[in-house]
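Okay, structure first, notes after.
Quick note: the coordinates plus some simple rules give every number you see, no bench work behind them. Quick caveat, the model's predicted, so the values are computed rather than measured. Using ideal geometry, Cβ is built from the backbone for each residue, glycine included, and neighbour counts are taken over all protein chains shown.
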2 protein chains.
Amino acid sequence: MSFSEYFPVYNKLTADQQKLIDKHTFLFKQPKEKVIHNSGEDCLGLLVIRSGQLRVYIVSEDGREITLYRLFEHDICLLSASCVMNNIQFDIIIETEKDSEFWVIPPDIYKEVSQQSAALANYANDLMAGSFSEVMWLVEQIMWKSMDKRLAAFLLEESALEDSDILQMTHEKIANHMGTAREVITRMLRYFQGEEMVKLRRGTIELTNKKALGQLARS
Amino acid sequence: MSFSEYFPVYNKLTADQQKLIDKHTFLFKQPKEKVIHNSGEDCLGLLVIRSGQLRVYIVSEDGREITLYRLFEHDICLLSASCVMNNIQFDIIIETEKDSEFWVIPPDIYKEVSQQSAALANYANDLMAGSFSEVMWLVEQIMWKSMDKRLAAFLLEESALEDSDILQMTHEKIANHMGTAREVITRMLRYFQGEEMVKLRRGTIELTNKKALGQLARS
């Protein structure tokens, strides 16, 4: 599949605009577990994900993390070009969770074309609305769902992403996704184990009763 | 001051686009404490605030609230036109906190012009980025600031908005702003009173040591 199939608004641009994007856009490959963007320090550009899995997160002054959302094949990340957008007043970090391939449209090229093209500017609006909605979902989770329900939902999501009932993930890493402390996750996983919903072994968490986890997540 | 001074992108539109907006935009006056928009039920349009103060908030299934941000003179609210925006997947409610006047650009008019005009579409991007940043600030507050610091900051903000050290506000109302229970606010205000930072009377909260509150909020 070609770039334009991953970046559908491409077909609504003029020939000159397409040429400009073709000339400057490049494909990037990165192995898993690599920080590819930190908007406090750099400005990568618009990312068009061809394959893999990436995590977008924020970090507090004292190093605590929380995952905002993830990027998968066909997703497009606008916030990695935030240096050319007015009014974005927060920093995000993006890291690969799996080996990933993505196209990068440099920020100045994105800016130049979006200022000419209502189609691209409206498309960018849709992208930002999508990210905004993901963060609003997170706000609702944090405010109105207890940690046990959020953890049950997270384990099921991970299991679906990995297509496996056995997760190879440290308690520390889960805590970083969920914006809490490792101890909180360890305590809750032990409670889940007592309820026979999971089985804990060194370095792995096996989901032994996904139905019960699902009921907890939805309750 | 005229509408175009409150809606600066107006001067970047064509004469036809300006005419269309002029024809359909109307000025609305509402007294304080009135719900003017609920995106679960209606779709008011783009709001351009001429005067007053409004609160944008979300509400959980069981009726708990949290304030996302407020709108003041010269602010523009895009999310009240979310029905014509793709990918907005959350509902907000807007209520007046003071007597307010605002222009309303109907959603279909906003949509029609933004599809033609890169200037308006980019301006809408800036507006959405601003709201998104406000919500990200809230996420950071919720995740990484304890409730006592958030309450101290809220009391100081209210005092500045009302230009008074005596706030006429119920504990219930504060709890709705901050997304917590009334009991939590009452307990913390009593603690603040013990520290001689506030004085509680029936229906009012007097800030008696704003310096100490400020230190707490920033700590």
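Looking at this structure, is B:S114 without any contact (Cβ under 8 Å) to a residue 24 or more places away in the chain, within 12 Å of chain A (Cβ to nearest Cβ) and more than 14 Å from the chain's Cα centre (by Cα)?
yes
Could you identify the single residue in B:L120, B:L78, B:L71 that is closer than 30 Å to B:L189 by Cβ and surrounded by 21 or more Cβ atoms within 10 Å (Cβ to Cβ)?
B:L71 is the lone residue from the list that is closer than 30 Å to B:L189 by Cβ and surrounded by 21 or more Cβ atoms within 10 Å (Cβ to Cβ).
Go through (1) of a type outside the set (A, V, I, L, M); (2) more than 19 Å from the chain's Cα centre (by Cα); (3) within 25 Å of A:S80 (Cβ to Cβ) for A:N209 and report which single condition fails.
Result: A:N209 passes all but (3).
What number goes with the only condition from (1) within 11 Å of another protein chain (Cβ to nearest Cβ); (2) over 24 Å from A:I21 (Cα atoms) that A:E162 does not pass?
Result: A:E162 passes all but (1).
Somewhere in the range B:126-134, is a residue more than 8 Å from chain A (Cβ to nearest Cβ), surrounded by fewer than 21 Cβ atoms within 10 Å (Cβ to Cβ), out of contact with any helix residue (DSSP H, G or I) (no Cβ under 8 Å at 6 or more places or on another chain) and assigned to a strand (DSSP E or B)?
No, because not a single residue in the range B:126-134 is more than 8 Å from chain A (Cβ to nearest Cβ), surrounded by fewer than 21 Cβ atoms within 10 Å (Cβ to Cβ), out of contact with any helix residue (DSSP H, G or I) (no Cβ under 8 Å at 6 or more places or on another chain) and assigned to a strand (DSSP E or B).
Condition first: within 14 Å of chain A (Cβ to nearest Cβ) and outside any helix (DSSP H, G or I). Can you find one or more residues in the range B:24-39 that meet it?
yes
Out of all the residues in the range A:138-166, which are surrounded by 15 or more Cβ atoms within 10 Å (Cβ to Cβ), touching a strand residue (DSSP E or B) at 6+ places or on another chain (Cβ under 8 Å), within 17 Å of A:A212 (Cα to Cα) and among the aliphatic types (A, V, I, L, M)?
Residues satisfying the conditions are A:L155, A:L156.
Within the range A:90-110, track down each residue that is over 13 Å from A:I76 (Cβ atoms), surrounded by 18 or more Cβ atoms within 10 Å (Cβ to Cβ), more than 8 Å from chain B (Cβ to nearest Cβ) and in contact with a helix residue (DSSP H, G or I) (Cβ under 7 Å, 6 or more places away or on another chain).
Answer for the range A:90-110, where residues must be over 13 Å from A:I76 (Cβ atoms), surrounded by 18 or more Cβ atoms within 10 Å (Cβ to Cβ), more than 8 Å from chain B (Cβ to nearest Cβ) and in contact with a helix residue (DSSP H, G or I) (Cβ under 7 Å, 6 or more places away or on another chain): A:I92, A:P106, A:P107, A:I109.
Collect the residues in the range B:170-181 that are assigned to a loop (DSSP other than H, G, I, E, B) and buried (at least 17 other Cβ atoms within 10 Å of the Cβ), keeping them in residue-number order.
B:G179, B:T180
All but one of (1) within 14 Å of chain B (Cβ to nearest Cβ); (2) under 23 Å from A:S114 (Cα atoms); (3) in contact (Cβ under 8 Å) with a residue 24 or more places away in the chain; (4) surrounded by fewer than 20 Cβ atoms within 10 Å (Cβ to Cβ) hold for A:C43, so report the exception by its number.
Of everything listed in (1) within 14 Å of chain B (Cβ to nearest Cβ); (2) under 23 Å from A:S114 (Cα atoms); (3) in contact (Cβ under 8 Å) with a residue 24 or more places away in the chain; (4) surrounded by fewer than 20 Cβ atoms within 10 Å (Cβ to Cβ), A:C43 misses just condition (1).
Looking at this structure, is A:N122 part of a helix (DSSP H, G or I), without any contact (Cβ under 8 Å) to a residue 24 or more places away in the chain and within 24 Å of B:A124 (Cβ to Cβ)?
Here the answer is yes, as A:N122 does meet what is asked.
Yes or no: A:V139 under 21 Å from A:R70 (Cβ atoms) and either within 14 Å of chain B (Cβ to nearest Cβ) or aliphatic (A, V, I, L, M) (or both)?
yes
Quick check on A:I88: is it under 21 Å from the mean Cα position of the chain (by Cα) and closer than 30 Å to A:Q168 by Cβ?
No; evaluated as a whole, the condition is false for this residue.
Out of all the residues in the range B:98-119, which are out of contact with any strand residue (DSSP E or B) (no Cβ under 7 Å at 6 or more places or on another chain) and not in a loop (DSSP other than H, G, I, E, B)?
Listed by number, the residues that qualify are B:P107, B:D108, B:I109, B:K111, B:E112, B:V113, B:S114, B:Q115, B:Q116, B:A118, B:A119.
Among what's in the range B:54-67 and is under 23 Å from B:P106 (Cα atoms) and either basic (K, R) or at the interface with chain A (Cβ under 8 Å from one of its Cβ atoms) (or both), pick the residue that is nearest to the chain's Cα centre (by Cα).
Result: B:R55.
Tell me, yes or no, whether the range B:136-150 has at least one residue that is assigned to a helix (DSSP H, G or I), under 22 Å from B:V35 (Cα atoms) and free of Cβ contacts under 8 Å to residues at least 40 places away in the same chain.
no
If I ask for residues that are out of contact with any helix residue (DSSP H, G or I) (no Cβ under 6 Å at 6 or more places or on another chain) and among the acidic types (D, E), which ones from the range B:37-67 would you list?
B:E41, B:D42, B:E61, B:D62
When you go through (1) among the acidic types (D, E); (2) assigned to a loop (DSSP other than H, G, I, E, B); (3) under 27 Å from B:K145 (Cβ atoms) one by one for A:E95, which number turns out not to apply?
(2)
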